[in-house]
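Participant: My questions all concern the structure below.
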């Protein structure tokens with residue numbers, strides 16, 4: 001008996017997802033797909049949870065509207081925003097709620113009048129949105145880093161407390177800094193580039209205008225609670241510098257956006273996660289977030 005699976009992903013990372021499937025899920029064979037939507041087939045059941053998928057689960061096949069409206073509840077995801085689903089499916093989506101640990105029925109509108117049905121178990125790190133779309137409202141922010149950190153904050157329920165101190169590597173122009181300051185945290189931003197003027201004026205922000213590779217213990221007069229990074233450098237470089245900082249800093253958590261613009265970096269993720277566990281971080285998780293492109297979030301909490 002064949003088993004079918006689905007994966008939803010962002011267009012910027014679809015090629016990387018396919019490489020991940022080739023490497024880590026060789027038993028899967030490609031089935032039907034459209035941009036951002038893949039189905040795959042295996043001869044035996046597997047635990048399917050690829051890193052580079054925004055969402056994945058069991059695929060129950062193509063369905064008619066008549067079949068779908070019989071579901072007791074279901075979420076509706078549209079592959080393109082301009083698709084116009086039948087009112088009956090929109091109403092079903094609007095009245096459906098799912099709890100953590102519950103099996104979600106997901107209607108995937110792949111084309112006009114083309115619907116597929118999938119199932120997955122709603123995890124703590126999932127967004128309460130159809131298709132794992134971002135739940136963060138758009139606002140004027142200095143950079144896209146605002147949304148990446150906001151999504152990580154929500155997905156991982158990061159235990160960041162009032163006025164905790166954050167060391168942000170590669171902080172310019174200030175997207176992530178803005179989010180942290182909105183949470184009433186104290187931020188030390190390290191970057192040789194200029195910060196947004198509104199960030200510089202904030203009473204809880206300090207700018208070290210220098211490469212983060214040059215900072216030492218002498219730059220800190222108090223403990224650092226978190227290290228945050230969205231540096232546009234290979235994961236090996238970022239992790240090397242974080243490891244160096246951990247020689248004289250003892251943060252309770254790390255929030256790292258790792259760039260994956262080469263597929264070989266995918267192979268580094270598991271060893272990187274394991275290295276942080278060996279350093280005493282009890283919770284280490286990896287997740288592809290809605291606003292990500294060729295990158296992924298790694299969090300480590302003691």
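The values are calculated or read from the model by the stated rules, or taken from the named source; none is laboratory data. Note that the coordinates shown come from a computational prediction; the quantities given were computed from them, not determined experimentally. Cβ coordinates were reconstructed from backbone atoms using ideal geometry, including for glycine residues, and neighbour counts include every protein chain displayed.
Participant: Among the residues in segment 86-106, are any on the phi > 0 side of the Ramachandran plot and exposed (fewer than 12 other Cβ atoms within 10 Å of the Cβ)?
Facilitator: Keep residues of segment 86-106 that are on the phi > 0 side of the Ramachandran plot, which gives 101.
Still in the running and exposed (fewer than 12 other Cβ atoms within 10 Å of the Cβ): 101.
Yes, some residue in segment 86-106 is on the phi > 0 side of the Ramachandran plot and exposed (fewer than 12 other Cβ atoms within 10 Å of the Cβ).
Participant: Shifting gears a bit: Look at residue 62 and say whether it is in contact with a strand residue (DSSP E or B) (Cβ under 9 Å, 6 or more places away or on another chain), assigned to a helix (DSSP H, G or I) and either exposed (fewer than 14 other Cβ atoms within 10 Å of the Cβ) or in the same structural domain as residue 119 (by TED's automatic domain parsing) (or both).
Facilitator: On the way: in contact with a strand residue (DSSP E or B) (Cβ under 9 Å, 6 or more places away or on another chain): yes; assigned to a helix (DSSP H, G or I): no; either exposed (fewer than 14 other Cβ atoms within 10 Å of the Cβ) or in the same structural domain as residue 119 (by TED's automatic domain parsing) (or both): yes.
No, not satisfied.
Participant: Then there is this: Identify all residues within segment 11-38 that are under 20 Å from the mean Cα position of the chain (by Cα) and more than 15 Å from residue 108 (Cα to Cα); write none if there are none.
Facilitator: Scanning segment 11-38 gives 11, 12, 13, 14, 15, 16, 17, 18, 19, 20, 21, 24.
Participant: In segment 86-97, is there at least one residue being touching a helix residue (DSSP H, G or I) at 6+ places or on another chain (Cβ under 8 Å), in a loop (DSSP other than H, G, I, E, B) and either at pLDDT 95 or above or under 30 Å from residue 193 (Cα atoms) (or both)? It would help to see each step written out before you state the result.
Facilitator: Our first condition is that a residue be touching a helix residue (DSSP H, G or I) at 6+ places or on another chain (Cβ under 8 Å); within segment 86-97, this holds for 86, 88-89, 92-93.
From the residues that got through so far, the ones that are in a loop (DSSP other than H, G, I, E, B) too are 86.
In the following step, the residues that additionally are either at pLDDT 95 or above or under 30 Å from residue 193 (Cα atoms) (or both) were identified as 86.
Checking segment 86-97: at least one residue is touching a helix residue (DSSP H, G or I) at 6+ places or on another chain (Cβ under 8 Å), in a loop (DSSP other than H, G, I, E, B) and either at pLDDT 95 or above or under 30 Å from residue 193 (Cα atoms) (or both).
Participant: Please specify each residue of segment 65-82 satisfying the condition of being part of a loop (DSSP other than H, G, I, E, B) and surrounded by 14 or more Cβ atoms within 10 Å (Cβ to Cβ).
Facilitator: Here is the first cut: in segment 65-82, the ones part of a loop (DSSP other than H, G, I, E, B) are 69-74, 79-82.
Matches in segment 65-82: 69, 71, 74, 79.
Participant: Further question: Where in segment 111-206 are there strands (runs of 3 or more DSSP E), lying wholly inside it, with at least 3 residues that are assigned by TED's automatic domain parsing to the domain that holds residue 230 and either touching a strand residue (DSSP E or B) at 6+ places or on another chain (Cβ under 9 Å) or surrounded by fewer than 13 Cβ atoms within 10 Å (Cβ to Cβ) (or both)?
Facilitator: Once the strands (runs of 3 or more DSSP E) in segment 111-206 are filtered for at least 3 residues that are assigned by TED's automatic domain parsing to the domain that holds residue 230 and either touching a strand residue (DSSP E or B) at 6+ places or on another chain (Cβ under 9 Å) or surrounded by fewer than 13 Cβ atoms within 10 Å (Cβ to Cβ) (or both), what remains is 165-169, 186-190.
Participant: A further question on this structure: Out of 4, 37, I need the residue that is in contact (Cβ under 8 Å) with a residue 60 or more places away in the chain and in contact with a strand residue (DSSP E or B) (Cβ under 9 Å, 6 or more places away or on another chain). Which one?
Facilitator: That would be 37, the only listed residue that is in contact (Cβ under 8 Å) with a residue 60 or more places away in the chain and in contact with a strand residue (DSSP E or B) (Cβ under 9 Å, 6 or more places away or on another chain).
Participant: Another question, then. Consider segment 214-241. How many of its residues are farther than 18 Å from residue 297 by Cβ and surrounded by fewer than 12 Cβ atoms within 10 Å (Cβ to Cβ)?
Facilitator: 7
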